[in-house]
Amino acid sequence: MPRITHPTRALRKKKMAQRFRSRRGRKPQRPRLIEEPIDYKNIALLRTFLNLRWALKPRRHTRLSRSQHAEVVLAVKRARSLALLPYHQHHEAYGLNFLPRR
């Protein structure tokens, strides 16, 4: 006699499989090549790895390797401690407007 399963449990399992299927099938992207050395004084380069709220973007968005991302994190920390970059977005000196939360 076939096993009877709960209909909502089977449906939930199917939905979860569909939800994560697209992520499994992706090929990993090649790391991005950066010609310039990553330095805390190069604010223009560091700014490309920060979002509008001055937080670091994740590796999958910036396509950096682990070692490159670690260098960027260290450079951003040094630039923030020397007041070359702000810690958060609410700085009028940098000409940013307040973005309301969603």
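Data table
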item: Extreme residue, farthest from HIS88 (Cα to Cα), among residues of region 30-77 that are small (Gly, Ala, Ser) and surrounded by fewer than 14 Cβ atoms within 10 Å (Cβ to Cβ); result: SER67
item: Looking only at region 76-94, and only at residues there that are farther than 19 Å from LEU52 by Cβ and small (Gly, Ala, Ser), the one that is modelled with the lowest pLDDT; result: ALA83
item: Residues of region 7-40 classified as of a type outside the set (A, V, I, L, M, F, W, C), at pLDDT 85 or above and within 16 Å of VAL73 (Cβ to Cβ), total; result: 3
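The values are calculated or read from the model by the stated rules, or taken from the named source; none is laboratory data. The model shown is predicted, which means the values in this text are computed figures rather than measured ones. We place every Cβ from the backbone using ideal geometry, glycine too, and count neighbours over all the protein chains shown.
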